[in-house]
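Engineer: This structure is in structure tokens; I'll ask about it shortly.
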Amino acid sequence: MGLLTILKKMKQKEKEVRLLMLGLDNAGKTTILKKFNGEDIDTISPTLGFNIKTLEHRGFKLNIWDVGGQKSLRSYWRNYFESTDALIWVVDSADRMRLNDCKKELHALLVEERLAGATLLVFANKQDLPGSLTAKEIREALDLDSIKTHHWLIQDCSAVTGDNLLNGMDWVVNDIASRIFTMD
Amino acid sequence: MAANMTGDGKDDGADESKLQVHETFTELEEVKELIRGLENIYEDFIEMERSAERFRFIIDDYQEQPHLIDPYLEELMLMLLNIAKQPKAPRPLTRQAFSYLYLITKMRGFKQVVRLLPHEVSDMEPLLSLIESQNPTDYELWETRYMLLLWLSIVCMIPFDLKRLDSNLQQGDGSVKMRTMDRIMAIGKMYLSVNDKVRDAAAYLVSRFLTRLDVKQELLPSILDWMMKILKDADHQTVLGCNQLCGVLATSALLFKHGKREDLLQYAPIVLQVALEAKLELCDSCVVRKMMGKLIHRLGLTFLKSRVAAWRYQRGSRSLAANLGGGVVKSTEGGSSDVIQGPEEEDEDDDVPEEIEEVIEHLLVYLKDKETIVRWTAAKGIGRVTGRLPQELADDVVGSVLELFSSQETNGAWHGGCLALAELGRRGLLLPGRLKDVVPVIMKALAYDERRGNFSVGAHVRDAACYVCWAFARAYEPKEILPYVNQIASCLIIASVFDREVNVRRAAAAAFQENVGRQGTFPHGIDILTTVDYFAVGNRVRCFTELSVFIANFPEYTQAVIDHLAEVKLAHWDSAIRELSAQALHNLTPCSPDYMAATVLPKLLPLTSGLDLFQRHGAILAVAEILHALYPISQARKKSLVDLLDENSLEEVQSVSKKLQDAKMFKRHGGEYMRTAVCCLIEKCSLSKLPFHNKPVIELWQSVIDECLTHIEPEIQAAAVAAIPSFFSEYFTRPDGSVLQDKQESILSHYLQELKSSNEPTRQGHSLALGALPRAMLQGQLSRVMAGLIAVSEVTQKEEKMAEARRDAVKALSGICETVGVANDGKADSVLCSANVATVYSALLQAIKDYTLDSRGDIGAWVREASMQALHDVTSLIVRSDPQMLTPDICKRVFCSLVQQAVEKIDRTRSLAGHLFSKLIYHSPTVPHIPQEKEVKDVFPEVLAKGTNWSAVSDTYTMFSRLLALDEYTYNVLLGLVISVGGLTESVVKFSSASLLEYLKSLSGDRAALERFMGVYLAVCRDHHRDDRVSLPAMKALDHMLCWGVLDTLASDKSDSIPDQLVSHIRSEVTKCGNPQKIMAAADVYCGLLQFEGSPRSKCLTQLMILLCHKYPRVRKTTADKVYEALLTYDEVVPEEQVSDVMSVLSETSWDNLEIAEIREKRNSLCDMLGIKRPVLLKQS
Ligand SMILES: Nc1nc2c(ncn2[C@@H]2O[C@H](COP(=O)(O)OP(=O)(O)OP(=O)(O)O)[C@@H](O)[C@H]2O)c(=O)[nH]1
Ligand SMILES: [Mg+2]
């Protein structure tokens, strides 16, 4: 295998990105995934396993892993960490009750060694619901400003209307693309 | 270690065309159809094979661009899986479906494919049962098992407690079913030691499975024990042992890769200890060693906390295209306080476990492994592990890697060392302070070339050195590279244009591009990379002769380029590289003439008599080329060349040949190189008018040239011949252009004498030499030289085989005509004129009839081709000065000869003839006296003549056979055509016959025209009576014509009709003929001629009856068969009432076995029945 082969392989790999989408159950992860993929979002039931979808976005191939968020499943999240370029953390902005849970789970993930260096996007989802918290409020509730180990952004959005989903994705892809590819 | 001889060296730019490039996956529908079709054809073995072959072909075709299948991948996988997973489906069907799944997986990579396999909780149970029902040793179904295990690897990732699947373990009959977890583990263990690819899938499965939280807690310790036991006990000298080791090593490497570090840390020391104690670096299997390298590297990573490279956002974006295109992408839009840079400083005081030292030590051993893949793994491992070390220790690793670059180490160590430096470099682990040690080493590696006699090893080292340069570009700030930029840039550029191997040139070009793109500090980087790109460097000749100059025109690179060629490449082991380097130096001289004259030449001159053959050869060539390039520069400066050189140099140039001769270097090993090089030196010194007139060196040079002329190698002769014109002109003529007569006389008489040598190469060399003489040397002696050459060009019985000498004499004859030029009323001894033009043409037109055959085949074709070219060249020369010299007779013969060659049977000859013919009819100025010019041009309109591909059989025959209709050409076209029609090469016979048939059809109904045509045919036959080259194919051609039924309008009503003449001609051809081929061909023709009533028929019958008693049994038998067939066709030949008797005698007699007396009796009875006279036996004379 010479340099030319390495370069060829790298060109292909550089165009591939692995995104891991996590969050409490009912946050809207699967809905976001289906919305991206142009699928019907009316018949979604809680995810008991995991979904993988591959999408093309701005010349990148996004492999998105969506894992169920129910409490019993959370201990298995660790099985999906390897070579993750970005973590997409989905929050139900109307679910004030579980914000503390939400914060705890997120911060537990951020100390994971295998997620070190990954970009973090927080989707403050369900903005269409009356009484949902704003992105600013969620940011405070989740104590995002204490995060120094990851590039992060919080984006308000609604999976049902599709609002701002693309903004978030654009930022993620941009952030990943703008660091050099190390193939590790 | 295999010699690294990649690249054929000659024209390596050609490989581009082989690359199949697709835009999309176009065969989607066909592939789906193949899949759907399986259910209908699975019982038909042959159809299944056909389907498989097609499927494989399509999929293989996308091996280079596998991502094109992505949009359809899921759909195709599911289609196949639905067929494959039915437990009750027939075996051939599921087997083929799995085999297709495997082919797709292999093409796209299993990691991509595995994601698409279904992974619901409900998939688990059926899948497990399916796997458990497999027979692990059924070699026909390994693809099935491979796919099933891969599938299981994704299904077992369900985030779901496996215990929940085990509710009903207690069976009705009281037995207890195994737990799901145990079943999966059992499958994994079993397949880990198999001998096929299923083992890879098993390793992947087990490693995945063991990282599950529940499994980890319950099974990991015991499985690790089990694996350690295998590591300890397996015997790596047996196949089974290697299989087991591979499986276990692969699994543990993957486990430590995928698993959570903190979980696995506790096991790492013991695994490392056991693995190292197995001493697998001594194992013969490179797969085992590679796996071992992987495991050590993963263990190393487990001991150390990961760190994120702090600089990764500073060094630009992922792909270079973005950098080059729109500038470096900003990491995030400013202003938003949402994005925060993580802390860059890690605490340095982490504990480094002592095991790390062992890990690094062993990786360094694998880094020198004799196999590339092992070195690769080790290099990646060193890169990754070092990435987690504190700075100080990391630098120690760099130091150890640098130790590999010593002259005592193998090329493998150099290669591994480069790979490691690249891996360290791209991770930013080579501190800028180390660059001063690393850069010189890499520059050495970039030129690494370990000569092994006539080849060398090192291309892989050079390639890896390019990788290092590429990696630097990505990891360092421009200011850190700055001190080394010129050095790195020069070396990369030099490698990208002057490396012998195309892949290294391309790698260097890629590394250069990366540096320009990310560093931006390379001098003239953008200019160079747009010209010296991936494609441009594919062509080596262009690299040396053009790109070198382009680069040297930038002052930063001039000297580096010149020095590299002069110091390194001129001594390269490949003579083609030395020659190209010398040419390159010629082209480079104008970039820096004074440097060349004052520095390079004086350095090269001592090498011209040095001990190293390659260097000597290269140096002489280069001296010659540089002098030649300096000459016009001195002229332009209105100086003599001598003024540019230092005094010493001139002396040394003059003494080169003498030194070689004194050291007997012309005779010793490699003398051929010395001869060609000195010939080149003679030529270039003469062209540069070096003031050596009347010096002893001239005599020496003359003798070198003369010796080369007798050499058996054509290249050496050619080198001498190339030197002749300039050498003789410069040193054997006076300033007024007149020749030194004593020299002229001695040379001519010597050369003319040598033309008569009995040694063919000597004749060839001296013919070519005479052909290359300058005009002055021929003045007053032309007739003598012509006569000498013409004598060589003639076929004589004794020297029949000297076709190459004849060819060269013909070339030379044409050459001297060109040299002396044309003057209608000039003197025959000085110029081509009316007095000698006929002589020249008659010699050439004689040569075009050279059909000599020997064991090498039609060697006369060389002469004929040379003659055609000469006819064209001389004719062209004459019409450009004085067309009147050409008589109608000469022109007719020239054109008719070309036409004849254009329809003969050798492709190359035909193509040349077609090409030259069309050039001459549309020559400018026009050639006079073209026979039937208007009609010819109707057949060959100008656009068509110029655009036709004359090597295509179909076009050539179709066009030229139309000339059969033109009286002037009929004879020659037919003469050529019968040879093709009656020949043996299938395509030639096919197309030439079709053309002939088409022409004959156009004559149908026109009896007079047909008779005229057959008259010409008979003339051809008579002119080549008993000349089997023509007469045999002519007979076969006649047989074809008779069979086609296009001759039946010929009348046989009067005596001496055409059919009568044909019969008597055939008879005369085969009387007393000993060639059975020809006799049987004659029998065919006789049979065909039976169609003509009257005397032709009865004569043929008589001849056939004679052949029935021929002395060769085979002739008798064949004749009987043929007559039998013919009588069936022409039923009026035999009286009605005799038919059945005649036929039974013909078919029931064993003509080849019986005694001759018996045969004669049978034959005579036939004669009686047919009503012809019994042949009377002539007394044998
Ligand atoms: N109004 C509103 N409802 C949403 C939005 N996004 C998701 N939902 C609803 O929230 C519910 C849960 O959505 P899912 O996509 O299944 O949530 P999930 O994160 O995948 O949940 P798990 O799979 O259990 O982890 C569904 O009824 C969705 O219709 C949103 O943006 N607005
Ligand atoms: Mg879901």
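The values are calculated or read from the model by the stated rules, or taken from the named source; none is laboratory data. On a predicted model such as this, the values are computed, not experimentally measured, just so you know. Quick reminder, even Gly has a Cβ in these numbers, built from the backbone with ideal geometry, and neighbours come from all protein chains shown. Note: areas computed on protein heavy atoms with side chains; ligands, DNA, RNA excluded. Shrake-Rupley method; radii C 1.70, N 1.55, O 1.52, S 1.80 Å.
Engineer: Please go through the stretch A:5-47 and pick out each residue that is in a helix (DSSP H, G or I) and within 16 Å of ligand 2 (Cβ to nearest atom).
Structural biologist: Selection gives A:Lys29, A:Thr30, A:Thr31, A:Ile32, A:Leu33, A:Lys34, A:Lys35, A:Phe36.
Engineer: Hey, another quick one. Determine whether A:Arg114 is within 16 Å of ligand 2 (Cβ to nearest atom) and either open to solvent by 20 Å² or more (accessible area, probe 1.4 Å) or free of Cβ contacts under 8 Å to residues at least 60 places away in the same chain (or both).
Structural biologist: no
Engineer: May I pose another question? Considering only residues that are surrounded by 19 or more Cβ atoms within 10 Å (Cβ to Cβ), within 7 Å of chain B (Cβ to nearest Cβ) and over 8 Å from B:Pro159 (Cβ atoms), which ones fall in the stretch A:70-89?
Structural biologist: Scanning the stretch A:70-89 gives a single hit, A:Arg78.
Engineer: Tell me the helices (runs of 4 or more DSSP H) entirely within the stretch B:938-989 that contain at least 1 residues that are within 38 Å of the chain's Cα centre (by Cα) and under 11 Å from B:Val899 (Cα atoms).
Structural biologist: Filter on the stretch B:938-989 gives B:953-961, B:967-981.
Engineer: I'd like the residue in the stretch A:158-173 that is within 16 Å of ligand 2 (Cβ to nearest atom) and not small (Gly, Ala, Ser) and, out of all such residues, is nearest to the other protein chains (Cβ to nearest Cβ).
Structural biologist: A:Leu165
Engineer: If A:Val67 passes every condition in (1) over 20 Å from A:Gly168 (Cβ atoms); (2) within 10 Å of ligand 2 (Cβ to nearest atom); (3) at the interface with another protein chain (Cβ under 10 Å from one of its Cβ atoms) but one, which one does it miss?
Structural biologist: Unmet for A:Val67, out of (1) over 20 Å from A:Gly168 (Cβ atoms); (2) within 10 Å of ligand 2 (Cβ to nearest atom); (3) at the interface with another protein chain (Cβ under 10 Å from one of its Cβ atoms): (1).
Engineer: Kindly indicate which of B:Gln1091, B:Gln1077, B:Gln1061 is under 51 Å from the mean Cα position of the chain (by Cα), in contact (Cβ under 8 Å) with a residue 40 or more places away in the chain and surrounded by fewer than 23 Cβ atoms within 10 Å (Cβ to Cβ).
Structural biologist: B:Gln1077
Engineer: Within the stretch B:718-752, take every residue that is of a type outside the set (Asp, Glu) and farther than 20 Å from B:Thr819 by Cα and give me the one that is modelled with the lowest pLDDT.
Structural biologist: Looking at the filtered set, the residue picked out is B:Ser746.
Engineer: If you don't mind, there's one more thing I want to ask. Please verify whether the stretch A:77-88 includes one or more residues that are away from ligand 2 (no atom under 16 Å from the Cβ), β-branched (Val, Ile, Thr) and not in a loop (DSSP other than H, G, I, E, B).
Structural biologist: no
Here is a yes/no grid of residues against (1) without any contact (Cβ under 8 Å) to a residue 60 or more places away in the chain; (2) away from chain A (no Cβ under 14 Å); (3) of a type in the set (Asp, Glu):
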site: B:Ile223; (1), (2), (3): yes, yes, no
site: B:Met227; (1), (2), (3): yes, yes, no
site: B:Asp235; (1), (2), (3): yes, yes, yes
site: B:Val239; (1), (2), (3): yes, yes, no
site: B:Cys246; (1), (2), (3): yes, yes, no
site: B:Tyr267; (1), (2), (3): yes, yes, no
site: B:Ala278; (1), (2), (3): yes, yes, no
site: B:Leu295; (1), (2), (3): yes, yes, no
site: B:Leu299; (1), (2), (3): no, yes, no
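Engineer: Also, I was wondering about something else. What's the number of the condition B:Glu262 fails, among (1) open to solvent by 40 Å² or more (accessible area, probe 1.4 Å); (2) touching a Ser or Thr at 6+ places or on another chain (Cβ under 9 Å); (3) within 14 Å of chain A (Cβ to nearest Cβ)?
Structural biologist: (2)
Engineer: I've got another one for you. Can you tell me which residue within the stretch A:119-136, out of those that are touching a residue at least 12 places away in the same chain (Cβ under 8 Å) and within 14 Å of chain B (Cβ to nearest Cβ), is most open to solvent (accessible area, probe 1.4 Å)?
Structural biologist: Looking at residues that are touching a residue at least 12 places away in the same chain (Cβ under 8 Å) and within 14 Å of chain B (Cβ to nearest Cβ), I get A:Thr134.
Engineer: Report yes if B:Leu755 is open to solvent by less than 30 Å² (accessible area, probe 1.4 Å) and within 21 Å of B:Ser686 (Cα to Cα), otherwise no.
Structural biologist: It is false that B:Leu755 is open to solvent by less than 30 Å² (accessible area, probe 1.4 Å) and within 21 Å of B:Ser686 (Cα to Cα).
Engineer: Please indicate, with yes or no, whether at least one residue in the stretch A:97-108 is in a loop (DSSP other than H, G, I, E, B), more than 15 Å from ligand 2 (Cβ to nearest atom) and out of contact with any helix residue (DSSP H, G or I) (no Cβ under 8 Å at 6 or more places or on another chain).
Structural biologist: no
Engineer: Now a separate question. Across the stretch B:232-263, what is the total count of residues that are at pLDDT below 90, of a type in the set (A, V, I, L, M, F, W, C) and in a helix (DSSP H, G or I)?
Structural biologist: Matching residues across the stretch B:232-263 total 3.
Engineer: Which numbered condition in (1) surrounded by fewer than 24 Cβ atoms within 10 Å (Cβ to Cβ); (2) out of contact with any Cys (no Cβ under 9 Å at 6 or more places or on another chain) is the only one that B:Ala489 fails?
Structural biologist: For B:Ala489, the exception is condition (1).
Engineer: Name, by its number, the condition in (1) among the basic types (Lys, Arg); (2) under 25 Å from B:His628 (Cβ atoms); (3) open to solvent by 50 Å² or more (accessible area, probe 1.4 Å) that does not hold for B:Lys684.
Structural biologist: (3)
Engineer: Which members of the stretch B:643-663 meet the condition of being open to solvent by 50 Å² or more (accessible area, probe 1.4 Å) and closer than 18 Å to B:Ile698 by Cα?
Structural biologist: B:Glu651, B:Lys658, B:Lys659, B:Gln661, B:Asp662
Engineer: Among helices (runs of 4 or more DSSP H) lying entirely in the stretch B:407-504, which contain 1 or more residues that are farther than 28 Å from B:Leu588 by Cα and more than 14 Å from every other protein chain (Cβ to nearest Cβ)?
Structural biologist: Because the criterion is at least 1 residues that are farther than 28 Å from B:Leu588 by Cα and more than 14 Å from every other protein chain (Cβ to nearest Cβ), the helices (runs of 4 or more DSSP H) in the stretch B:407-504 that meet it are B:411-426, B:435-446, B:478-481.
Engineer: Tally time: how many residues in the stretch B:49-75 are within 14 Å of chain A (Cβ to nearest Cβ), open to solvent by less than 10 Å² (accessible area, probe 1.4 Å) and among the aromatic types (Phe, Trp, Tyr)?
Structural biologist: 1
Engineer: Still on this structure: Name the residue, out of B:Ala861, B:Ala803, that is over 29 Å from B:Pro883 (Cβ atoms) and touching a strand residue (DSSP E or B) at 6+ places or on another chain (Cβ under 9 Å).
Structural biologist: B:Ala803 is the lone residue from the list that is over 29 Å from B:Pro883 (Cβ atoms) and touching a strand residue (DSSP E or B) at 6+ places or on another chain (Cβ under 9 Å).
Engineer: Here's a follow-up. In the stretch B:617-640, which residues are in a helix (DSSP H, G or I) and open to solvent by 10 Å² or more (accessible area, probe 1.4 Å)?
Structural biologist: Correct list: B:Leu621, B:Glu625, B:His628, B:Tyr631, B:Pro632, B:Ile633, B:Gln635, B:Ala636.
Engineer: Restricting to the stretch A:27-65, and then to whatever is on the phi > 0 side of the Ramachandran plot and exposed (fewer than 15 other Cβ atoms within 10 Å of the Cβ), can you tell me which residue is farthest from ligand 1 (Cβ to nearest atom)?
Structural biologist: A:Gly59
Engineer: Among the listed residues B:Leu150, B:Leu128, B:Leu78, which satisfies the condition of being open to solvent by 60 Å² or more (accessible area, probe 1.4 Å), of a type in the set (A, V, I, L, M) and assigned to a helix (DSSP H, G or I)?
Structural biologist: B:Leu78
Engineer: Pick out, from the stretch B:1004-1104, the helices (runs of 4 or more DSSP H) lying fully within it that include 3 or more residues that are more than 28 Å from B:Arg962 (Cα to Cα).
Structural biologist: Fully inside the stretch B:1004-1104 and qualifying: B:1058-1070, B:1076-1089.
Engineer: Does B:Lys934 satisfy the criteria of being charged (D, E, K, R) and without any contact (Cβ under 8 Å) to a residue 12 or more places away in the chain?
Structural biologist: yes
Engineer: Which condition number does B:Ala203 fail, the rest of (1) in a helix (DSSP H, G or I); (2) open to solvent by 20 Å² or more (accessible area, probe 1.4 Å) being met?
Structural biologist: Of everything listed in (1) in a helix (DSSP H, G or I); (2) open to solvent by 20 Å² or more (accessible area, probe 1.4 Å), B:Ala203 misses just condition (2).
Engineer: Out of B:Glu120, B:Glu125, I need the residue that is more than 14 Å from chain A (Cβ to nearest Cβ) and of a type in the set (D, E, K, R). Which one?
Structural biologist: Going through B:Glu120, B:Glu125 in turn, the sole match is B:Glu125.
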